[in-house]
Amino acid sequence: MAGQRKSYDIKGTSQYSRMQDYSSYQPSALGTFSISEDGDFINCNKAAIPTLLDYKLPLNLDEGYNGTEGKDKARETTFPQWEKGLKWIHGSKEGYGSVSSVDIIASRGILKDIGYTNHNQYNNPWKFEACKFKGKVYLRKVDEEEDENEWCIQNSYWGRKFEEYVIQQETGTKATYRMLKGTIGKKTVLLSAEVDAISSDGKYMEIKTCFANKIGVKVPQAWWQSYLGKVDTLYYGLKTRQGMVYNKPTEITMAVALTKYVTKNRANEMIGFTGDVLDWLYGALPDKDETWILEYTGGRQIFLRSTGEKFLPNWYLQFIEGRKEEELVKQVEALTLSHPVN
C-alpha cells in the first residue's frame with residue numbers, strides 16, 4: 001500500500017565491526033557481459049574486458065570539455081541500466097543456475113553507497129528503489145537527474161577522459177561488467193560490477209583520478225567499492241586543478257590500500273553495516289511486485305516507504321513466472337556466451 005513507512009536505526013560503528021569480518025566476503029565470478037555503444041546487451045567472456053594502453057604524458061583531461069554539455073551522455077532512457085543484470089540472469093546458464101540461492105540482486109555501486117554511510121563525512125544522501133519478489137530483493141538506482149554543479153560535472157568528465165587515454169575498449173563496446181556472488185551478512189548477494197581494465201598479468205584494475213593532496217581521503221571509499229567488485233589494484237591518475245596529469249599513474253594494491261588508508265576495523269564496520277541493513281531490508285519488504293524507496297537523508301536513520309507502483313519489467317516477470325523450470329533450463333543451455341539476448 002502506498003504511503004507505508006518503515007525505518008532502520010543506525011547503531012554505533014563499533015557494533016558493526018563485530019558483525020562480520022571483511023575477509024569472509026569472498027565473491028565468486030559467475031560471468032561477464034558488455035554494453036554496446038548503442039546500449040545493447042552482449043553476453044561475453046573475460047576477453048571483452050578493456051586492457052591498459054601505452055600512452056604519453058602529460059595527459060590533458062580538459063581536452064574537449066565544453067561546460068555543462070560535457071555531462072555524462074551515457075545515461076540510458078530506452079533500456080534502464082539496472083535491467084542489464086536481469087538480462088544476464090535471463091540469458092546465461094551460470095546466471096540462471098545461481099539465482100535459486102540468491103537473496104539480494106543489486107549493482108556494486110548501490111552497496112558501496114550503503115556501506116560507506118557511517119564514514120561519509122559530509123552525510124551525503126542516497127536513494128534507491130527496492131522490491132522483494134519470490135524471496136529475492138532487487139535494488140536499483142532511482143532514475144532521476146542529479147543536481148550537480150559545474151565543478152562536479154567537470155571532474156566527472158575528467159575521470160571519463162582519463163579512462164579514454166589509458167584503456168582500450170573492445171570495438172563497439174561502452175562498458176563491461178562481471179557478475180559476482182558472495183555472502184554479506186546473512187544474505188547471498190548477486191552483484192553486477194563494472195570492470196575498468198585488466199592488466200597484462202591478469203590483475204583487475206579500478207581506474208580513478210584524484211588530486212594529489214586528496215589521495216588519503218579518496219582511497220578508503222575506492223577500496224570499499226573495489227573490494228566489493230573483486231578488484232586487485234587501484235590505478236590513480238594524479239591531476240592538477242587545471243586537469244593535467246604529468247606523472248605516471250600511481251598503482252595501489254588492495255592490500256596496501258587496506259593497511260595504509262583503511263584499517264581492518266573500518267573494513268569490518270563497512271561490511272557489517274551493509275550486511276545488517278540488507279538483513280533488515282529483506283525482512284521489512286513484503287513479498288510482492290511493488291516499488292519501495294530506500295533512502296538516507298543524513299542523521300541516524302534509513303527510511304523505507306512504499307510507492308504502490310510496480311517494480312519488475314514485464315519481460316522478466318514472464319521469464320520467471322511463465323515457463324516450467326525444465327523449459328527454462330533447455331532454453332538457457334541452448335545459449336552460448338557470445339549469444340546476445342534481445
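The values are calculated or read from the model by the stated rules, or taken from the named source; none is laboratory data. Fair warning: this is a prediction, and the values are worked out from it, not measured in the lab. Positions of Cβ are backbone-derived with ideal geometry, glycine not excepted, and every protein chain shown enters the neighbour counts. These area figures cover heavy atoms from the full protein model, side chains too; ligands, DNA and RNA do not enter into them. Shrake-Rupley method; radii C 1.70, N 1.55, O 1.52, S 1.80 Å.
Could you please give the count of residues in the range 255-290 that are farther than 28 Å from V219 by Cα and outside any helix (DSSP H, G or I)?
Adding up the residues that qualify gives 6.
Going residue by residue through the range 156-176, is there one that turns out to be within 21 Å of V217 (Cβ to Cβ) and β-branched (V, I, T)?
no
Of the residues I252, I271, I320, which is modelled with pLDDT under 95, closer than 26 Å to A29 by Cα and β-branched (V, I, T)?
Details: I252 fails: modelled with pLDDT under 95; I271 fails: modelled with pLDDT under 95.
Matching residue, one of I252, I271, I320: I320.
Quick one: which residue in I252, I293 is among the aliphatic types (A, V, I, L, M) and either touching a residue at least 40 places away in the same chain (Cβ under 8 Å) or assigned to a helix (DSSP H, G or I) (or both)?
I293
Considering each of T176, T183 in turn, give the residue that is buried (at least 22 other Cβ atoms within 10 Å of the Cβ), of a type in the set (V, I, T) and touching a strand residue (DSSP E or B) at 6+ places or on another chain (Cβ under 8 Å).
T176 is the lone residue from the list that is buried (at least 22 other Cβ atoms within 10 Å of the Cβ), of a type in the set (V, I, T) and touching a strand residue (DSSP E or B) at 6+ places or on another chain (Cβ under 8 Å).
Please specify each residue of the range 262-297 satisfying the condition of being under 25 Å from Y227 (Cα atoms) and either open to solvent by 10 Å² or more (accessible area, probe 1.4 Å) or of a type in the set (K, R) (or both).
Result: T263, K264, N265, R266, N268, E269, D276, D279, W280, Y282, E295.
Any chance the range 70-87 includes a residue that's in contact with a Ser or Thr (Cβ under 8 Å, 6 or more places away or on another chain), modelled with pLDDT under 60, assigned to a loop (DSSP other than H, G, I, E, B) and farther than 25 Å from W223 by Cα?
Yes: the range 70-87 contains one or more residues that are in contact with a Ser or Thr (Cβ under 8 Å, 6 or more places away or on another chain), modelled with pLDDT under 60, assigned to a loop (DSSP other than H, G, I, E, B) and farther than 25 Å from W223 by Cα.
Considering only the range 3-39, state which residues are in a loop (DSSP other than H, G, I, E, B) and either without any contact (Cβ under 8 Å) to a residue 60 or more places away in the chain or farther than 21 Å from W280 by Cβ (or both).
G12, Q26, P27, E37, D38, G39
How many of the residues in the range 4-31 are crowded, with 18+ Cβ neighbours inside 10 Å and modelled with pLDDT under 95?
Residues meeting the conditions: 2.
Among the residues of the range 88-98, which ones are assigned to a helix (DSSP H, G or I) and either open to solvent by less than 20 Å² (accessible area, probe 1.4 Å) or at pLDDT 90 or above (or both)?
If the condition is that a residue be assigned to a helix (DSSP H, G or I) and either open to solvent by less than 20 Å² (accessible area, probe 1.4 Å) or at pLDDT 90 or above (or both), then W88, I89, G91, G95, S98 are the ones that fit.
So which of I153, I104, I167 is under 30 Å from Q242 (Cβ atoms) and in contact with a strand residue (DSSP E or B) (Cβ under 7 Å, 6 or more places away or on another chain)?
The conditions single out I167.
Can you pull out every residue in the range 212-256 that is more than 24 Å from M179 (Cβ to Cβ), of a type in the set (G, A, S) and buried (at least 22 other Cβ atoms within 10 Å of the Cβ)?
G237
Restricting attention to the range 307-316, which residues are under 21 Å from F128 (Cα atoms) and either outside any loop (DSSP other than H, G, I, E, B) or open to solvent by 30 Å² or more (accessible area, probe 1.4 Å) (or both)?
T307, G308, E309, K310, N314, Y316
What are the pairs with Cβ atoms under 7 angstrom where one residue, in the range 104-122, is more than 9 Å from F273 (Cα to Cα) and among the basic types (K, R) and the other, located anywhere, is open to solvent by less than 20 Å² (accessible area, probe 1.4 Å) and part of a strand (DSSP E or B)? Sequence gap at least six, or different chains.
As it stands, the answer is R108/L191; R108/A193, since those pairs meet every condition given.
For the range 110-134, name all the residues that are surrounded by fewer than 19 Cβ atoms within 10 Å (Cβ to Cβ) and assigned to a helix (DSSP H, G or I).
Selection gives N118, H119.
Considering only residues that are modelled with pLDDT of 95 or more and either open to solvent by less than 40 Å² (accessible area, probe 1.4 Å) or under 30 Å from M179 (Cα atoms) (or both), which ones fall in the range 56-69?
L59, L61
Which of the numbered conditions does A48 fail, given that it passes all the others? Conditions: (1) under 17 Å from G229 (Cβ atoms); (2) without any contact (Cβ under 8 Å) to a residue 12 or more places away in the chain.
(2)
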